Structure formats: C-alpha cells, structure tokens
Amino acid sequence: MERPAWAPRSIDISVPSVSRIYDYYLGGSHNFEVDREAARKAMEFMPGLPKIMQANRAFMRRAVRFAAEEGIDQFLDIGSGIPTFGNVHEVARAAVPGAHVVYVDHDPVAVAHSQAVLEGNESADVIAADLRKPQEILSSPQLEHLIDLNRPVALLLVAILHFVEEADDPYGAVAELREALAPGSLLILTHASYEGIPLPPERAEGAVDVYRDIRNPLIMRSRDEIARFFEGYDMVEPGLVPMPHWRPESEPEDEDPYAFSGFAGVGRTA
C-alpha cells in the first residue's frame, strides 16, 4: 500500500483507525482501504452510521455557537479527530473572532493533519495527548499558551468517551478536567448508546463487534450512565437528549431515524 504524503511515517497504515473511520463516515479523504473496509463492515449491521456522525457534528456546531453566545471564547476539544469542514475553530471564530481553540488527539494522523490545517494560525493549536491522562493535557505548553483556565472554557468531549473503557476510569478523567475549569465553563458531550437506535440491540451489537475486532472497543452506555459524566455540572436546557433534540435549528422530525441514536448534552460549572 502506497503511503500518501499526509500520513506520518510512524503510523501503521495496515491497521484501522477510529479517527480515519469517522473521517470516512463524514465523506472525508484522509482514510485508507483498511479503514473503509472496517466502516463498511460496521455499516452492514448499522447502515445509518454516517447519519449518526452527521448528527453528531451538527450538534457540535450548535453547541459551540451556544457557548459563544454565552460569552465563552476558549475551546478545548479532546478527541478532536481529523479536521473537516465546519470544525470547532471555524465555528467558534465565526461567532467570536478572537476565540482560542486547542485540539487534543492521540491519533498521529489526526494530530499531523491538524498541524497542517492550523499552520500560521496563532489562535489555535493541537496537542498529541490522551483523554485518559488529563494532566498531560492541562500542563501542555500549547494549552498554557492559548487557554486561561481562570476564565470559562468550553470543554468538548464529542464522540470520544464511548471509546474509553471502565478500566481506564472515564468518570475520573472527566472529573479531573472539571476540577481544572473556572466557574461558568461548559461541558459539551455526546455518547453512543443502544437507546434510540432504530434496530434490535442484537443487530447493533454486530457493529460494536467490528470496533472490538480492531481493538477499539465501543462502549455503549445507558442514558443514566452517560448522565454521570455531568456530575458537578448544572445541565443546560433541554438536558441530556438525542442529538437532534438539543436546541434544533430545524424540525427534528425531519431527521433520519438514525440521527436519534445516543445522547448529547451541555452542562455548566457552578
């Protein structure tokens, strides 16, 4: 397999990547046949996966605009993935021209491509780090340069926590990040769940098995389990809801049934 110029030498392009599979679902070009093969296999069980990812991105953009309307001009996006059109820094700066954005990902392709996209951008940067190690993120020079933790920050954990297993203490990582944030900060979160998927759970399990097979287990939590990530936050209306129901800009009833899979919410620190 020929290695394209945008793929770092350090990555194994014969192994599927969650970030590149996500990129494929969104119609991006930064993926390999091994990623497309895994995505197509998952879509045999859940053909609406691209619709779920599109709903996820649409929620993210609405939530970023909401944060800007609330006066927040600092954004920390952990598990940011490969940049696509309408990414956080584009949405944030359209609403707040002076907004600062820091992306975080542990996928070398996502980091390398983010660096290329952000070259020369003095108000946005990317950190190669892992959500499971919050202190590496909080003490990074990129964050210290662009984010003032004494002022409110919008923390984005969008479509990332369902890749963190219980053994890695996702609730502890989220709590550690919350403790570092100033009052008035926002947590913007989405999470996969069997609830809302327009399929029998046993069929949806087939797609989950694909992620398990590529050693990136997809942890499908219940609504109550997802709500636990918001401990210490006051939920913003309308609460923890299917993605199209969070402050929609068009009629949710017009959405594809798959768009209602999983949950989205925004919380505010007291």
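Summary table
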read-out	value
Burial ranking of peptide ranges 260-267, 91-98 (average Cβ count within 10 Å, highest at the top)	260-267, 91-98
Three-way shape call for the stretch 92-190 based on the alpha-carbon gyration tensor, with the a/c threshold at 1.5	oblate
Stretch gain in nm, segment E33-A270, where the contour uses 0.36 nm per residue and the Cα spacing is subtracted	80.7 nm
Relative contact order (%) - criterion: Cα under 8 Å, at least six apart; region: the chain	19
The chain - charge dipole about Cα centre, Lys and Arg +1 at Cβ, Asp and Glu -1, debye rounded to 20	240
The stretch 61-107 shape via C-alpha gyration tensor axes, a/c threshold 1.5	prolate
Dipole moment magnitude, nearest 20 debye, the stretch 164-241 about Cα centre, only Lys, Arg, Asp, Glu C-beta charged	220
Pairwise FRET efficiency - R228 versus E44, Cβ, R0 = 25 Å, nearest 0.05	0.20
Segment E176-D213, extension gain: residue separation times 0.36 nm, minus the distance between their alpha carbons	10.3 nm
Gyration tensor (alpha-carbon) shape descriptor, the stretch 128-270, a/c threshold 1.5	oblate
For V126, distant residues with modelled amide H under 5 Å away	Y103
Trypsin sites (Lys or Arg not before Pro) within the stretch 175-225: DSSP coil, no more than 13 neighbouring Cβ in 10 Å	R215
Solvent-accessible heavy-atom area per residue, rounded to whole Å², over the stretch 126-178 at 1.4 Å	43
Percent carbon-and-sulfur accessible area, the chain, ignoring ligands, DNA and RNA, probe 1.4 Å	49
Protection proxy ranking, peptides 121-133, 247-259, average beta carbon neighbours within 10 Å, highest first	121-133, 247-259
Solvent-accessible area per residue, Å², over the stretch 182-246 with all protein chains present [probe radius 1.4 Å]	45
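The values are calculated or read from the model by the stated rules, or taken from the named source; none is laboratory data. None of the values given here were measured: they were computed from a predicted structure. Positions of Cβ are generated from backbone atoms using ideal geometry, with glycine treated the same way; all protein chains shown enter the neighbour counts. Please note that ligands, DNA and RNA were not included when accessible areas were found on the heavy atoms of the full protein model with its side chains. Shrake-Rupley method; radii C 1.70, N 1.55, O 1.52, S 1.80 Å.
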